[in-house]
Amino acid sequence: MLLRTGLREEGLFRLAAAASVVKKLKSCLDSGTVDQNEFSYDPHAVAGALKCYLRELPEPLMTFELYSDWFKAAAEKETDEKLKQLRTVLQKLPTENYNNLRYVRVSTLNIQF
């Protein structure tokens with residue numbers, strides 16, 4: 001839904017949806033009973049649920065362990081070397097984290113890993 005219509009919505013991840021709507025969507029997602037039509041009118045609720053998911057992960061998507069590696073790669077001045085280091089750190093991610101990150105980044109920015 002976010003890919004189809006939400007990315008055209010101004011302030012999608014900045015403007016908050018009603019907490020009760022986000023809570024209901026999260027509950028539906030947890031139980032596997034999401035009626036997409038019910039939430040299709042409110043991309044802010046969907047974005048809010050995605051933000052909650054990422055915030056509530058037991059460990060950040062890019063992991064505590066690799067924190068300094070990410071910053072080291074990001075600080076690299078030369079673009080080709082920066083990309084090389086970022087790819088190296090990406091390869092160190094646990095498979096589940098990599099797949100989640102890849103989906104979010106590729107879906108929203110159309111970036112190839």
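Nothing in this text is a laboratory measurement; each read-out follows from the coordinates by a stated rule. All values derive from a computational prediction rather than experimental measurement. All Cβ positions, even for glycine, are placed from backbone atoms using ideal geometry, and neighbour counts span all protein chains on display.
For the residue pairs 23/77; 23/92; 51/84, alpha carbon separations beyond 32 Å are given by 23/77; 23/92.
Ignoring aspartates and glutamates fewer than eight residues from residue 24 along the same chain, the ones with Cα atoms less than 13 angstrom from its Cα are 35, 38, 42. Across all Cα atoms of region 67-109, the radius of gyration (one decimal) and Dmax (whole number) stand at 11.0, 30 Å.
Across region 42-63, the residues whose backbone nitrogen lies under 15 Å from the label position 7 Å along the beta-carbon direction of residue 1 are 42-53. You can think of it this way: the chain between residue 86 and residue 101 has 4.1 nm of extra reach, that is 0.36 nm per residue less the Cα-Cα gap.
Which one of 69, 30, 42 has the biggest mean-square fluctuation once the chain is modelled by GNM with Cα springs under 10 Å? Of 69, 30, 42, the Gaussian network model singles out 30 as fluctuating most. Note on the chain: helix-only mean residue ellipticity at 222 nm, from DSSP H runs of 4+ residues weighted -39500 (n - 2.57) and normalised by residue number, equals -18500 deg cm²/dmol.
Applying the Karplus relation 6.51 cos²θ - 1.76 cosθ + 1.60 with θ = phi - 60° to region 80-94 yields 3J(HN,Hα) values of 4, 5, 4, 4, 4, 5, 4, 5, 4, 5, 4, 5, 7, 5, x Hz, where x marks Gly and Pro.
The Cα-based radius of gyration and maximum Cα-Cα distance (Dmax) for the chain are 16.5, 48 Å.
Mean-square fluctuations from a GNM of the chain, with a 10 angstrom spring cutoff on Cα atoms, peak among 32, 48, 11 at 32.
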